[in-house]
Amino acid sequence: MSAAEGTAAQLLEVEGLVTRYPIARGLYGALRRQPKLTVQAVNGVSFSIGAGEMVALVGESGCGKTSTAQTVIRMVASEAGSIRFRGTEIGALGARELRPLRREIQIIYQDPYESLDPRFTVRDTIEEPIRVHGLVDSSAAREAKVHEAMERAGLTPPELFIDRYPHELSGGQRQRVAIAAALVLEPKLLIADEPVSMLDVSVRAGILALLDGLRKDGMGVLMITHDLSTAAHFADRIAVMYLGRIVEEGPAKQVVRNPQHPYTKALISVVPRRDPDQQTVPQILQGETPNPIRMPSGCHFHPRCPVAEARCKEIDPELREVEGVDPGHRAACILLGAL
Amino acid sequence: MSSREPVIRVEDLHVWFELPGGGELHAVQGVTFELREGERMGLVGESGCGKTTTILAIMGLLPATASVSGKVILDGEDILVGGEDTISPHRWNDISMVFQGAMNAFNPVKKIGEQIAEPMELHGLASGKAARAQVRELLELVGISGDRADRYPHEFSGGMRQRAAIAMALACSPKVLLADEPTTALDVMVQAQILELLVRLSTTLGKELGLTVILVTHDLPVVAQVCDRAAVMYAGEIVEMGGMSTIYHDPRHPYTRMLFAATPDLLGDDEVISIPGAPPRLDRELVGCPFRPRCDSAFEPCATVHPRRLEPMPGHQALCHLNDSAMTEAAS
C-alpha cells in the first residue's frame, strides 16, 4: 500500500531497501585481486505496515525475508533505501539515538529452544529487557510488569510459570515466554520470524491467535513465514519475495485466491490442501532459486518462469497495480493482465 | 486396491524404553496395520506420539534400552522373531528407510555415488562397475543426472541431497519404504518435487510395480495430498485409521477432527483452533482414554474405560467410545 492511499499514519515505511553481504575471497582471491563479490540479499524492497496491521513476508529460503527484517531493525546495515518508523527516518541513526526506538520494535525468533537462555528463569528472561532499558526502578513495579506481560502472552496464571526454567516448558510455552519478553517493553511493532515453524501443529494456532490478538489491540506485526496457508489465514496483507524483491503484494486472501505473478501462481499451486478431495495440480518449477551472487538479468524470475518471453531477459519489471483486481494488489511482471 | 496379499503386516507392536532412573516408558502400544503393494499410508500425530519409534522398531534400529514385542510379517515370515538375526537379511533389501534429516547425513568427504553404492556392496548385490552403473540408474530414477554421481554432497542443493538420500534407500530394491519427515526442512516447491517423486515410485518402480510407502509426518496436508490412507497416532496407539477422504470428511476420533481443525488451509475460511493441553506421559499406567483431558467430546466412560478398537465403517478403525453404542446408550 503506498503512503498516498494509507488511511492512518503508517507505523513502518520501507522504501527501496538494499542489503548486501560481502563474500570472503580468501587469501588466494585477495592476492590475485579477484573482484569482491557480494550477495544481494535485499534488492530494492518497499512496503509499509500500519498500526493494527499484520503483514506477512513469504517466500522460499534465501529469498531475503529474514534479511529484510534484520535490516529493518538495524541488526544489519542497509546499503540504500529508507526505513521510516512513525515518521522518523531510522536508517541512518547512530546506536545511541536508536536505543529508545529499539524498545518500540521487538523481534521474536523461530526457535524458542535456542532463543531462550537455559540458565534464566522465565522471570529473568522477561525482566532482562526492563533492566537493560532501565524502565522501572522498584522491584515490585518490575514484578508487576513481568506478570502483566505473561498474562498478555497467555502464560496464566503467571505464578505457575515464573520460576521455571526453559527445559521445564513445552515448545509453545517457550515461544510465549519469548513473546512476553518482547511485550514487556510495550512495542508498537513486533517482528515474528517464523514464529510457529518449530512448534507442533496442535499449539501453532494458539500462538498465531495470540499474535492476532496483539494486532487487534493496535500493534503492527511483520510475520516472516514460508507457510502460505498460515499467512493467508492470519495476515491482512501478503508480500511475496523472490531473490531479494517483492514480486507481488496485496490483501492476503486476494493474493492466494487470485495470484497475479507467475511465481506466486506456481508457489500457490504447490501448497498442499487439507482436503484430500481437493487435489491440487502442482505447477512444479524446475530447479531451485538461482544463486543471488549472479542475479539473472531483467526479471530475476525469467529463467524459471513458465511464461517468460524474450523481453523478460531485458526488462526489470516494477511493482504495479493490477487492473481489474482489488486496489492495493500489485505485482512485478510485464505480462500482467495478458496472463 | 485389489485383494492381493499385504506386502507388510505389523501386528500388536509394543515398544518399551528403560528409563535411566528406573521405570519404563511404553512408547508404542499395540500398533497393528497392513499395507498392500503400491499403497501409501501417512502416519501422523504430534511429536512424541510414537510415529518414529514405530518405524524404527519395524527396521530393528531401536537402541539397546528398548524392548520390542509383536510381529512384523513380510512374505509370511515374522522378521522380528529372531531379533537382529532375522531382521538384518531384510533391512535395506526388503524394507528401507529415509531418515529424518537424511539429506544432512551424507559424509561430506565422500562422493555421493560412492555413498549410494555402499548398501549394495555391503549386501553383496553389486560392486565395482556394476554398482556404478546402478547408482547412475538410481540417480536418474530420482531425477538427478547420472553424471553427478562423482560430486560431493556440498555440491548438491538441499532438495537434491534429499533425492540422493531416497536413491540410497532404494539401492537394494526394497518393497517397502519408510520415510520419516522427508520434506520437513524443505521449501514448498522442493517439497512438491519430492512428494511427486514418492508418488511416482509407488506407482511404478522401474519396470516393476509400485513401492509401498509409509510417510511419517506431522504435516496433515502433505498426507492428504499424497497418501491413500492415514493412521493417526496418539500416546503410542493408532487411534484412527482409514481411507484419506473418510479420515478428513468423516473422522471418528475427536483427535483426528481437532488435528485437522488446528491446521490452516490455504483457501479455507474456518477458524484455526489449537488443541489445549499436551499428550500424556507414557511412563505411567494410563486409565481410561489417553486423549480424554484434551477432548471436546469426552463423556463418563472416557475417564475410566479404555476405548475398544471398533470398525464404524468397513476398512475404517477408531479407538473412541463415541463409536461404541453400548457406551453412548449407557451414558444417555
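The values are calculated or read from the model by the stated rules, or taken from the named source; none is laboratory data. No experiment lies behind these values; they were computed from the predicted model shown. So basically every Cβ, Gly included, is an ideal-geometry build from the backbone, and we count neighbours across all protein chains shown.
Here are some residues: A:Gly220, A:Gly250. Which one is of a type in the set (Gly, Ala, Ser), under 13 Å from the mean Cα position of the chain (by Cα), crowded, with 20+ Cβ neighbours inside 10 Å and farther than 26 Å from B:Phe260 by Cβ?
One residue alone meets the criteria, A:Gly220.
Return the total of residues in segment B:225-246 being in contact with a helix residue (DSSP H, G or I) (Cβ under 9 Å, 6 or more places away or on another chain), in contact (Cβ under 8 Å) with a residue 40 or more places away in the chain and within 11 Å of chain A (Cβ to nearest Cβ).
7
Could you run through segment B:51-83 and say how many residues are farther than 15 Å from B:Val176 by Cβ, in contact with an Asp or Glu (Cβ under 9 Å, 6 or more places away or on another chain) and assigned to a helix (DSSP H, G or I)?
2
Any residue in segment B:186-205 that's more than 7 Å from every other protein chain (Cβ to nearest Cβ) and over 22 Å from A:Ser197 (Cβ atoms): show its pairings with residues that are among the basic types (Lys, Arg) and surrounded by 21 or more Cβ atoms within 10 Å (Cβ to Cβ) at Cβ separation under 7 Å, as long as the two are six or more apart or on different chains.
Every condition considered, the pairs that remain are B:Leu197/B:Arg163; B:Ser202/B:Arg40.
For B:Met327, which of the numbered conditions (1) assigned to a helix (DSSP H, G or I); (2) away from chain A (no Cβ under 12 Å); (3) modelled with pLDDT of 95 or more fails to hold?
All conditions pass for B:Met327, except number (3).
Kindly indicate whether any position in segment B:285-296 is touching a helix residue (DSSP H, G or I) at 6+ places or on another chain (Cβ under 9 Å), at the interface with chain A (Cβ under 9 Å from one of its Cβ atoms) and under 17 Å from A:Asp200 (Cα atoms).
yes
Select from segment A:55-100 the residues that are without any contact (Cβ under 8 Å) to a residue 12 or more places away in the chain, in a loop (DSSP other than H, G, I, E, B) and not hydrophobic (A, V, I, L, M, F, W, C) and list them in ascending order.
A:Gly94
Identify the residue in segment A:109-146 that is part of a helix (DSSP H, G or I) and acidic (Asp, Glu) and, among all such residues, is surrounded by the most Cβ atoms within 10 Å (Cβ to Cβ).
Here the residue is A:Glu127.
For the subset of segment A:267-278 comprising residues that are at the interface with another protein chain (Cβ under 7 Å from one of its Cβ atoms), assigned to a loop (DSSP other than H, G, I, E, B) and not acidic (Asp, Glu), which member is farthest from the chain's Cα centre (by Cα)?
Per the criteria, the residue is A:Pro276.
How many of the residues making up segment A:304-319 are surrounded by fewer than 16 Cβ atoms within 10 Å (Cβ to Cβ) and within 14 Å of chain B (Cβ to nearest Cβ)?
Residues flagged as surrounded by fewer than 16 Cβ atoms within 10 Å (Cβ to Cβ) and within 14 Å of chain B (Cβ to nearest Cβ) within segment A:304-319 amount to 1.
Hey, any hits in segment B:210-218 for a residue that's out of contact with any helix residue (DSSP H, G or I) (no Cβ under 6 Å at 6 or more places or on another chain), over 26 Å from B:Pro314 (Cα atoms) and hydroxyl-bearing (Ser, Thr, Tyr)?
Within segment B:210-218, not a single residue is out of contact with any helix residue (DSSP H, G or I) (no Cβ under 6 Å at 6 or more places or on another chain), over 26 Å from B:Pro314 (Cα atoms) and hydroxyl-bearing (Ser, Thr, Tyr).
Taking A:Arg164, is it more than 30 Å from A:Glu13 (Cα to Cα), in contact with a helix residue (DSSP H, G or I) (Cβ under 8 Å, 6 or more places away or on another chain), outside any loop (DSSP other than H, G, I, E, B) and in contact (Cβ under 8 Å) with a residue 40 or more places away in the chain?
no
Hey, could you check segment A:46-67 for residues that are within 12 Å of another protein chain (Cβ to nearest Cβ) and at positive phi and say which is surrounded by the fewest Cβ atoms within 10 Å (Cβ to Cβ)?
Filtering segment A:46-67 for residues that are within 12 Å of another protein chain (Cβ to nearest Cβ) and at positive phi, the one surrounded by the fewest Cβ atoms within 10 Å (Cβ to Cβ) comes out as A:Gly62.
When you scan segment B:148-159, how many residues do you find that are in a helix (DSSP H, G or I) and either over 9 Å from B:Gly113 (Cβ atoms) or away from chain A (no Cβ under 14 Å) (or both)?
Here the count works out to 7.
Tally up the residues in segment B:101-151 that are under 22 Å from B:Ala185 (Cα atoms), modelled with pLDDT under 90 and surrounded by fewer than 18 Cβ atoms within 10 Å (Cβ to Cβ), please.
Of the residues in that region, 4 qualify.
Mind telling me which of the residues A:Leu210, A:Leu169 ends up being more than 23 Å from the chain's Cα centre (by Cα) and either on the phi > 0 side of the Ramachandran plot or within 12 Å of another protein chain (Cβ to nearest Cβ) (or both)?
A:Leu169
Any residue that is in contact with a helix residue (DSSP H, G or I) (Cβ under 9 Å, 6 or more places away or on another chain), crowded, with 17+ Cβ neighbours inside 10 Å, of a type in the set (Gly, Ala, Ser) and within 30 Å of A:Ala252 (Cα to Cα) - is there at least one of those in segment B:267-277?
Yes, segment B:267-277 has at least one match.
Please tell me if B:Arg257 is away from chain A (no Cβ under 11 Å), in a loop (DSSP other than H, G, I, E, B) and not polar (S, T, N, Q).
No: the conditions fail for B:Arg257.
I need a count of the residues in segment B:133-147 that are part of a helix (DSSP H, G or I) and within 23 Å of B:Thr204 (Cβ to Cβ).
10
If I filter segment A:285-303 down to residues being away from every other protein chain (no Cβ under 14 Å) and in a loop (DSSP other than H, G, I, E, B), which single residue comes out as nearest to A:Lys36 (Cα to Cα)?
A:Ile293
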